[in-house]
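Report on the following structure.
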Amino acid sequence: MAVKKQFSTFVVDRLLFGVEVEKVQEVIRYQEMTRVPLAPPVVKGLINLRGQIVTAVDLRCRLGLPERADDDLPMNVVIRHEDGAVSLLVDEIGDVLEVEDEAFELPPGTLSRGVRELIRGVYKLKGALLIALDTDKMLNLVTTGTRGA
Amino acid sequence: MGDMDDIVKDFLVESNENLDQLDRDLVKLEKDPTAREVLASIFRTIHTIKGTSGFLGFSRLGSVTHVGENLLSSLRDGRLLLNAEITSALLAMVDAVRGMLVNIENTGREGEGDYNSLIELLTLLQKSEKKKENNQTATAGTPASISPSAPPIGAPANPSCAPPTNAVEIMPPPPDPIEARMEPDPPPVAELHLGELLVQAGTTSPEQVHEALNLQHDGDIRRLGEILIEKGAAKPAAVQDALQGQAEARASALSESNIRVDVGLLDKLMNLVGELVLARNQILQFSSTQQDSTFLNTTQRLNLITTELQEGVMKTRMQPIGNIWSKFPRVVRDLATGCGKQIRLEMDGKETELDKTLIEAIKDPLTHLVRNAVDHGVESPEKRVAAGKPAEGRLFLRAFHEGGQVNIEISDDGAGIDVERVKQKALAKSLITIDQASRMNDRELMNLIFLPGLSTADKVTNVSGRGVGMDVVKTNIEKIGGTVDVQSRPGHGTTLKVKIPLTLAIIPALVVTSGGDRYAIPQVSLLELVRLEGEQARKGIEMIHGAPVHRLRGKLLPLAYLNQQLCVENTRNGTDRNSRSGNHLSTSQSELGQLDFASARSKHQLWVAKLHAVVEGKATMTPSQAGSHKDCDLGKWLYSTGLAEFHDTPEIHQLETLHQAFHEAVGSGLSFINAGDKARSEMEMARVEALSGQIVSLLTDIELQKAAGAAANIVVLQADDRQFGLVVDEINDTEEIVVKPLGKQLKGISTFAGATIMGDGQVALILDVLGLAQRANVVSEVRDRSVNENSSPAETHNEDGESLLLLRGPDNGRMAMPLSLVARLEEFSRSSVETAEGRDVVQYRDQILPLIHLSSALPDRRVQTRSSNLMSSEKEVESDKIQVVVYTDQGRSVGLVVDRILDIAQEKVKPQRRTGRQGTLGSMVVQGRVTELLDVKGIIQSADPSFFTEQAAA
């Protein structure tokens, strides 16, 4: 009896990440952002999403990955959150993948502590590793500043 | 059982409201035991709850209220007189009912509470009346007795609970122990069915009505009245009358009735209206480019309608603050009795309205503050009498609208806050250091009570004293954008002032641009807009101790630069900003404004000091080091920031040239020194000094100019009773914006209060004026101290003169004093000047500031006809304000009262004529006029010899 879960996936710095599909409100192309001075560097700006103001968090920054090139426009993965929606800026959007619980493994100890806390674990897929993100931790810790990789 | 749940929900909502009213009524009744209407109202409420509880099967609730009702009936009928014991028992009953309602809300059941003792108590109290207990007798005027009574537990839907029925009458089947019978007054006519009305009027008998109903039941579709008439059971006229009475009553009942609306629905409406406002803004923006008159007219109509709709919807959510306050009489009564104190509660302004969400948010904080005042603020009657105060303490609640905010004041006439104790407790708990404590003034010390963990209570009661209250209060109030402040006079009482913004949702705002982005400033904080151009811009912005200020109609307005505050670096290409000014020079000047010239200047001065050390043989420097214009700090700055970004500005070029020449001279001068060639070395060093002076003055010049720029847009704002000016790049329009909260990740940034969507769909941030002001240090108390601490004579003693403050002296002459001696310039109203120890003083920042009048300090001046002695007010004075220059030394301050502050000038201080006149150091020419230089220290010394010797009190 294989328990399956569906993940909405996306690519950041050539790494495949995923978030439970129920958590994702929508996926949308690059939106113009208004920058927020004095905000923590992970917050790249604010987006107008059909009248809702959504904070955009750059995943590259949050995970301590190198910055995107200036002309690469990120895509938005809008996550439902208790306080409102937050958009994660990613490089590319992937498919919705179904994964089995058995393929799950906890993150390796070699990952730096900062990043390890943000990752729930890894799903071993055919030919790829899907890194499952812990959205709550990711969005909660933003208030205390970035944790470098 | 969905319907049942709804009924229960309604029951709970209504009952809770009624219970609140009960609290108020009981307290009122206690003060005036003969108030019949109040008693009747109380009775009705309990009666209602009892009835419905029976219907819903809550037997415990029913029993408790039943006994209570009996007691109330005795009271109502005058068989018992209300006393404190009975009141407390009744209040206990109310609490018990509340408890059960809470249980019902949470679990659906009443809970397992044991109310037997309460029931016994109530029964006992009731039995203490002399007459036999017979509360079943209907008093005169009871209506529609269809059949004799029976304890009405388990009765079906109580008409007095249900809303008025519609025209199709269905009589409840008899024999029906209708609750209505228990009512002392007839229920409103509208609530009675037609049949009941007719029976009551005596024209029909119950049986006939019953028959008619059965007919209806069986399929007769005629109306009850018709059937009765046809059967001859009722006369048409009577039916007509009854119907009319019903209709009238119903009409009046409806017109004064309220409608209960789910708050969620109102929220949704608010949101929709918000969206509508945004859409309207967009259409308005778009319409400004259109010509079609029909379109424009329609747009205008849309605009008007939207505004009205917005106002109307906002009003639906406004509730009077009295809703919260209604609980307080009971709270205060209970607490006071519990503490053994006597307290009178006065409330003023309970009709002041707030948005519902705000009311929810401040309910708890206000309750805590009230409880605090009772528990800690007001003293026990004995203490009060001993202090000469009336035994009964006074707690005064006040609410009013002011300046776009709701102000709530909670004052007591108790013992006040002992600042010393607060300080000790804070030190004991290591919340502040001794150093910090010594530097705080009374107001800051008092605000320590908002720190978590601080309580000066000796005992921890179950009400308060643990020290977790005040900080939570402050946090909660600040969370909704409000402020809380405490003021206290020892022995006299304490006042807590809470201010909250009226509404959060849609506000008018001024849109400005800075650093390429748009920001919205809530109009409620906006005082005025000032635009300085050209020369005005250069002279209008002056520096006092490195802080930019602007003189606005005589008052000094501290300035803050929005770009700097937001740390918005000049990352964009400078040429597309300020392109409107068209003046290339002005562009460069505002760009130069981003460079820190003050630090560049000090870098240079430090280097020169080092050079002096080298010349005196105290340090060494190789000639190459000295001669290199790239290696010194200023050079490094110049070649990194300075030239790199602004290679086409004349000032930077001039600076570079001077700097190069400077170092050349240094290089050769040092080599002459090393070679022992005294003459040449001296010549070179003189050149060095001259060049250095030029460099410094150039830097200073640019710095002064930078603050001005070609045109400055100053937005004058008000934050927390203080005013300041915000310098922005451009000022756009005023608009109505919908305030949207920022996400959790951004909530902590104090400079932003939220965000909004502009007419073109772009997001713009809304500035939090108070947060911005605090960040820019334009409202901080502590700032002034540090300003004084940092003032070292070296800073203002540069080669080309000092900054001087020019004033008008008592004989209309011009006087000057070094700006470095000025801590602050203040303005006081004449009425605030008091006398102490034979001198004029004024209360200033919780210190007593002694005042020295220049006229008395300079006695051999011709005194003006207008007496400058403030105490003689026979002559009409020009203005009721006095200008005071505050001088501070080692924590002690003194104020010099001057006639007028004229200007700030930069001059070399070289008194030309040394006079022996007391109080001056001589006279010189400043700005082309003869000016006397004040001997400030001398003046202070002669007025108060101990000033410089006494150490400031900690």
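The values are calculated or read from the model by the stated rules, or taken from the named source; none is laboratory data. Note that this is a predicted model, so its numbers are computed, not measured. Backbone-built Cβ (ideal geometry, glycine too); neighbour counts: all protein chains shown. Ligands, DNA and RNA are stripped out before the accessible areas are found, and what is left, the full protein with its side chains, is counted by its heavy atoms. Shrake-Rupley method; radii C 1.70, N 1.55, O 1.52, S 1.80 Å.
Could you identify the single residue in B:E346, B:E353 that is within 24 Å of B:I500 (Cα to Cα), open to solvent by 40 Å² or more (accessible area, probe 1.4 Å), modelled with pLDDT of 85 or more and out of contact with any Ser or Thr (no Cβ under 6 Å at 6 or more places or on another chain)?
Values: B:E353 fails: modelled with pLDDT of 85 or more.
Going through B:E346, B:E353 in turn, the sole match is B:E346.
Determine which single condition B:G919 fails, assuming it passes every other condition in (1) modelled with pLDDT under 75; (2) over 14 Å from B:L804 (Cα atoms); (3) surrounded by fewer than 18 Cβ atoms within 10 Å (Cβ to Cβ); (4) not aliphatic (A, V, I, L, M).
Condition not satisfied by B:G919: (3).
Looking at the range B:111-124, which of its residues are outside any loop (DSSP other than H, G, I, E, B) and open to solvent by 20 Å² or more (accessible area, probe 1.4 Å)?
Of everything in the range B:111-124, those that are outside any loop (DSSP other than H, G, I, E, B) and open to solvent by 20 Å² or more (accessible area, probe 1.4 Å) turn out to be B:N116, B:S117, B:L118, B:I119, B:E120, B:L121, B:T123, B:L124.
Give the residue that is nearest to A:Y30 (Cα to Cα), with candidates limited to residues of the range A:118-138 that are touching a helix residue (DSSP H, G or I) at 6+ places or on another chain (Cβ under 6 Å) and away from chain B (no Cβ under 14 Å).
Restricting to residues being touching a helix residue (DSSP H, G or I) at 6+ places or on another chain (Cβ under 6 Å) and away from chain B (no Cβ under 14 Å), the top hit is A:L118.
With respect to A:S87, determine if the residue is within 14 Å of chain B (Cβ to nearest Cβ) and polar (S, T, N, Q).
yes
When you check B:R24 against the structure, is it in contact with a helix residue (DSSP H, G or I) (Cβ under 7 Å, 6 or more places away or on another chain) and open to solvent by 40 Å² or more (accessible area, probe 1.4 Å), yes or no? I'd like the intermediate steps shown before the answer.
On the way: in contact with a helix residue (DSSP H, G or I) (Cβ under 7 Å, 6 or more places away or on another chain): yes; open to solvent by 40 Å² or more (accessible area, probe 1.4 Å): yes.
Judged against the criteria, B:R24 is a match.
Condition check: within 14 Å of chain A (Cβ to nearest Cβ) and more than 16 Å from B:V763 (Cα to Cα). Does B:K479 satisfy that?
When the stated conditions are applied, B:K479 passes them.
Go through the range B:76-110 and count every residue that is open to solvent by 10 Å² or more (accessible area, probe 1.4 Å), part of a helix (DSSP H, G or I) and under 19 Å from B:K31 (Cα atoms).
Number of matching residues: 5.
Might you check whether a residue that is at pLDDT below 75 and open to solvent by less than 40 Å² (accessible area, probe 1.4 Å) occurs anywhere in the range B:488-500?
No: zero hits.
Report yes if some residue within the range B:282-292 is over 19 Å from the mean Cα position of the chain (by Cα), in a helix (DSSP H, G or I) and within 14 Å of chain A (Cβ to nearest Cβ); otherwise report no.
Yes; the residues of the range B:282-292 include at least one that is over 19 Å from the mean Cα position of the chain (by Cα), in a helix (DSSP H, G or I) and within 14 Å of chain A (Cβ to nearest Cβ).
Given (1) modelled with pLDDT of 80 or more; (2) more than 14 Å from chain A (Cβ to nearest Cβ); (3) open to solvent by less than 10 Å² (accessible area, probe 1.4 Å), identify the lone condition not met by B:R808.
(3)
What number of residues within the range B:1-21 satisfy the criterion of being open to solvent by 40 Å² or more (accessible area, probe 1.4 Å), of a type in the set (V, I, T) and more than 39 Å from the chain's Cα centre (by Cα)?
Within the range B:1-21, residues that are open to solvent by 40 Å² or more (accessible area, probe 1.4 Å), of a type in the set (V, I, T) and more than 39 Å from the chain's Cα centre (by Cα) number 1.
Hey, any hits in the range A:74-83 for a residue that's within 10 Å of another protein chain (Cβ to nearest Cβ), more than 17 Å from B:L746 (Cβ to Cβ), more than 11 Å from the chain's Cα centre (by Cα) and open to solvent by 70 Å² or more (accessible area, probe 1.4 Å)?
Taking every residue of the range A:74-83 in turn, none turns out to be within 10 Å of another protein chain (Cβ to nearest Cβ), more than 17 Å from B:L746 (Cβ to Cβ), more than 11 Å from the chain's Cα centre (by Cα) and open to solvent by 70 Å² or more (accessible area, probe 1.4 Å).
For A:D71, only one of the following conditions fails: (1) in contact (Cβ under 8 Å) with a residue 24 or more places away in the chain; (2) within 30 Å of A:R50 (Cβ to Cβ). What is its number?
It is condition (1) that A:D71 fails.
Among B:E409, B:E444, which is the only one that is more than 30 Å from B:P390 (Cα to Cα) and in contact (Cβ under 8 Å) with a residue 12 or more places away in the chain?
On the way: B:E409 fails: more than 30 Å from B:P390 (Cα to Cα).
Checking each option against the conditions leaves just B:E444.
Take A:R68 and tell me if it is among the basic types (K, R) and within 14 Å of another protein chain (Cβ to nearest Cβ).
no
So which residues in the range A:32-61 are more than 10 Å from every other protein chain (Cβ to nearest Cβ) and in contact (Cβ under 8 Å) with a residue 40 or more places away in the chain, if there are any at all?
The answer is A:P41, A:K44, A:L59, A:R60, A:C61.
Hey, does the range B:400-415 have a residue that's modelled with pLDDT under 85, of a type in the set (V, I, T), over 21 Å from B:G338 (Cβ atoms) and outside any strand (DSSP E or B)?
For the range B:400-415, residues modelled with pLDDT under 85, of a type in the set (V, I, T), over 21 Å from B:G338 (Cβ atoms) and outside any strand (DSSP E or B): absent.
Would you check if B:E409 is within 29 Å of B:K363 (Cα to Cα), among the charged types (D, E, K, R), under 26 Å from the mean Cα position of the chain (by Cα) and exposed (fewer than 15 other Cβ atoms within 10 Å of the Cβ)?
Spelling it out, it is not the case that B:E409 is within 29 Å of B:K363 (Cα to Cα), among the charged types (D, E, K, R), under 26 Å from the mean Cα position of the chain (by Cα) and exposed (fewer than 15 other Cβ atoms within 10 Å of the Cβ).
Would you be able to tell me the number of residues in the range B:373-397 that are open to solvent by 30 Å² or more (accessible area, probe 1.4 Å) and within 20 Å of the chain's Cα centre (by Cα)?
Result for the range B:373-397: 1.
Identify, by number, the condition in (1) open to solvent by 80 Å² or more (accessible area, probe 1.4 Å); (2) away from chain B (no Cβ under 12 Å) that A:I28 doesn't meet.
For A:I28, the failing item is (1).
Quick one: B:K341 ticks every box in (1) open to solvent by 60 Å² or more (accessible area, probe 1.4 Å); (2) under 19 Å from B:T495 (Cβ atoms); (3) in contact with an Asp or Glu (Cβ under 9 Å, 6 or more places away or on another chain); (4) not aromatic (F, W, Y) bar one, so which box is it?
Looking at each condition in turn, B:K341 falls short on (1).
For the range B:733-742, which positions are closer than 19 Å to B:L772 by Cα and either at the interface with chain A (Cβ under 7 Å from one of its Cβ atoms) or not in a loop (DSSP other than H, G, I, E, B) (or both)?
Correct list: B:K740 only.
Quick one: what pairs do we get from the range B:755-770, first residue more than 7 Å from chain A (Cβ to nearest Cβ), second open to solvent by less than 10 Å² (accessible area, probe 1.4 Å) and not in a strand (DSSP E or B), C-beta under 7 Å, 6+ apart or different chains?
From the range B:755-770, the pairs are B:L767/B:T751; B:D768/B:T751.
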